[in-house]
Amino acid sequence: MLSRSSFLAEGKAHFAKINYYLRGKAFADMWTLVLTWSALAVYAVIVLSTVLVVLLDNRQPYKTIAWVVVLVLLPFVGLVFFYFFGQNIRKERYINRRNFRLLTEKMLAEHPGMHRDEFPSKYAPLISLFERKHLSVATPGNEVRLLRSGRDFMHALLQDIGSAVHHIHVETYIIEDDTAGRLLRDALADAVRRGVTVRFIYDDVGCWNVPNDFFASFGRAGIEVQPFLPVRFPSLTHKVNYRNHRKVIVVDGRVGFIGGMNFANRYMERGGIEWRDLHMRLVGGAVATLQRNFLSDWHFVTDTLVTSARCFPVIDIEPGRGALIQVVDSNPVSRYPEIMYGLTWAFQHARKYLYIQTPYFMPTEPVLQAMQTAAMSGVDVRLMVPLKPDGFWLRWANDSYFAEVLLAGIRIFTFAPGFLHSKCVVMDDDYCSIGSSNMDFRSFENNFEANAFIYDRATALQVKEIFLNDERHCREVRLSEWMHRSYGRRLLESCTRILSPLL
């Protein structure tokens, strides 16, 4: 048996260990508490400083509020979102101004455009705006061919690729490793074997799901291929938010394509489900502006300036024939959102009717007000969107604007047979716009876009006919029915609308 003194000694030693453990645990708990509060304090400072950055950017109030809500109500996730999607790059330089002016001089040398006295009086202020602020000349005598389906587009493009003799320039948001993408690659590879120079730009984020080997096969075929603003781990960049959404093609400086179509099987009809889109083939002076746009982007991604005279050939124009066209591009580093300004001006000056097709309808305040003002002044304003957008959150965001659009007297049609991807505007039988820009915040403020503004009765009437034909396959949204949708649905729409400037 243990003696009394030994028992007491062991007891003291045992209690000493317990006391040491408790003191150590208290010490650890204290440091855990200190580190936790320190981390929270640092996080709070980061969030507050980020909110301050948002406020000092002097953005539109709705965008400022949206970002503040995200930063405050979404711990940590809000900061990640802001890093990738919220930083303002407007102060950064996209292309050296001297080089841009050099390309412009090359363009103007052979395609000087029209004298201002020759502008159609109704649209003279708009044409002058684009010339003064964007150096985008209006060129007459352009031959226009509208392409309503992916099959028509691919057929026309492959014919022009097959007849190319000097160069082919392609810029797209999406090309997929499927039948359509491989068909284009093989046609371009055949052109290279004939001695044609082929340059190809694709948007890196738009092609995230495309295997790298697919683009490597372009290089192996002799095609000069470049991604636009590549975003790859670990070198992730906040510029992931600023994407090249343009669809521009130039063949030998004489033929150009612009519109909404990318290169993927879904742009063709599948299983009886139609993918409605609109693209345009151009022959004439407007192709020179498409060329300048492509070569500006090529300089950006390769730091190589191409100014060959063969990129801007002289094109014979038959007097009194063809369409007057201005090709206008916009980008997030520009001081002014040119395409949005142009569309807003046009909406405000509509006199008879204004028809709009867009897959995404999350308009900026100026665009929405211009549409409402036109409708309330007696103009027949119609908006066509897909019945089922490609994303449930996009459907809620689109729908959140319907009530105030309908209340202003604007008619809304939802295209039912398939997905509507057309991005076009037509009004008053003498004006239309076709391009890559959607009616949403992203296209107007964050993306690199390109639209053709066409001042021509024949082309406008064709686009009008396309709209009215599509309207026959739509369901009209009635105000009386729309106002009776469930409160749950309205709540989803309202919550999504707060984030619409960020979508």
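The values are calculated or read from the model by the stated rules, or taken from the named source; none is laboratory data. For clarity, every value in this text was computed on a predicted model and none was experimentally measured. Cβ placement follows ideal geometry from the backbone for every residue including glycine, while neighbour counts extend to all protein chains displayed. Quick note on the areas: whole protein, heavy atoms, side chains included, nothing else; ligands and nucleic acids left out. Shrake-Rupley method; radii C 1.70, N 1.55, O 1.52, S 1.80 Å.
Just to be sure I understand, how many residues within region 192-207 are of a type in the set (A, V, I, L, M) and touching a His at 6+ places or on another chain (Cβ under 9 Å)?
Count: 3.
Going through region 275-301 one residue at a time, which ones are part of a helix (DSSP H, G or I), of a type in the set (Val, Ile, Thr) and surrounded by fewer than 24 Cβ atoms within 10 Å (Cβ to Cβ)?
The one that is part of a helix (DSSP H, G or I), of a type in the set (Val, Ile, Thr) and surrounded by fewer than 24 Cβ atoms within 10 Å (Cβ to Cβ): Val301.
Restricting to region 444-503, name every residue that is modelled with pLDDT of 90 or more, among the small types (Gly, Ala, Ser) and outside any helix (DSSP H, G or I).
Ala450, Ala452, listed by residue number.
May I ask you to verify whether His245 is modelled with pLDDT under 85, out of contact with any Leu (no Cβ under 7 Å at 6 or more places or on another chain) and either open to solvent by 10 Å² or more (accessible area, probe 1.4 Å) or under 30 Å from Asn142 (Cα atoms) (or both)?
no
Any residue in region 325-340 that is modelled with pLDDT of 80 or more sitting within a Cβ distance under 6 Å of a residue that is outside any loop (DSSP other than H, G, I, E, B) and of a type in the set (Gly, Ala, Ser)? List the pairs, counting only those 6 or more apart or interchain.
Final answer for the pair search is Ile325/Ala286; Ile325/Ala452; Val327/Ala286; Val327/Ala452; Asp329/Ala450; Pro337/Ser330; Glu338/Ser330; Ile339/Ser330.
Would you check which residues across region 449-475 are touching a Ser or Thr at 6+ places or on another chain (Cβ under 7 Å), farther than 13 Å from Cys424 by Cα and open to solvent by less than 50 Å² (accessible area, probe 1.4 Å) and list them?
Of everything in region 449-475, those that are touching a Ser or Thr at 6+ places or on another chain (Cβ under 7 Å), farther than 13 Å from Cys424 by Cα and open to solvent by less than 50 Å² (accessible area, probe 1.4 Å) turn out to be Glu449, Cys474.
Can you tell me which residue in region 119-175 is nearest to His421 (Cα to Cα), limited to those that are touching a strand residue (DSSP E or B) at 6+ places or on another chain (Cβ under 7 Å) and acidic (Asp, Glu)?
Within region 119-175, the match that is nearest to His421 (Cα to Cα) is Glu171.
Among (1) of a type outside the set (Val, Ile, Thr); (2) part of a helix (DSSP H, G or I); (3) modelled with pLDDT under 90; (4) within 21 Å of Asp470 (Cα to Cα), which single condition is Met371 missing?
(3)
Could you list all residues from region 302-335 that are part of a loop (DSSP other than H, G, I, E, B), more than 24 Å from Thr459 (Cβ to Cβ) and of a type in the set (A, V, I, L, M)?
Leu305, Val306, Val333
Quick one: how many residues across region 413-437 are over 30 Å from Arg321 (Cα atoms), surrounded by fewer than 24 Cβ atoms within 10 Å (Cβ to Cβ) and not aromatic (Phe, Trp, Tyr)?
4
Only one of (1) touching a residue at least 60 places away in the same chain (Cβ under 8 Å); (2) outside any loop (DSSP other than H, G, I, E, B) fails for Val405. Which number is that?
Tallying (1) touching a residue at least 60 places away in the same chain (Cβ under 8 Å); (2) outside any loop (DSSP other than H, G, I, E, B), Val405 fails exactly one: (1).
May I ask you to list the residues in region 350-368 that are outside any helix (DSSP H, G or I), in contact with a Phe, Trp or Tyr (Cβ under 8 Å, 6 or more places away or on another chain) and either under 19 Å from Phe444 (Cβ atoms) or of a type in the set (Gly, Ala, Ser) (or both)?
Residues satisfying the conditions are Leu354, Gln357, Pro359, Phe361, Met362, Pro363, Thr364.
Is it the case that some residue within region 177-196 is over 18 Å from Asn265 (Cβ atoms), open to solvent by 30 Å² or more (accessible area, probe 1.4 Å) and in contact (Cβ under 8 Å) with a residue 40 or more places away in the chain?
Scanning region 177-196, I find no residue that is over 18 Å from Asn265 (Cβ atoms), open to solvent by 30 Å² or more (accessible area, probe 1.4 Å) and in contact (Cβ under 8 Å) with a residue 40 or more places away in the chain, so the answer is no.
Consider region 303-343. How many of its residues are surrounded by fewer than 21 Cβ atoms within 10 Å (Cβ to Cβ) and among the polar types (S, T, N, Q)?
Final tally of qualifying residues: 4.
I'm trying to understand the selection: among the residues of region 197-220, which are modelled with pLDDT of 90 or more and open to solvent by 30 Å² or more (accessible area, probe 1.4 Å)?
Selection gives Thr197, Arg199, Pro211, Asn212, Asp213, Ala216, Gly219, Arg220.
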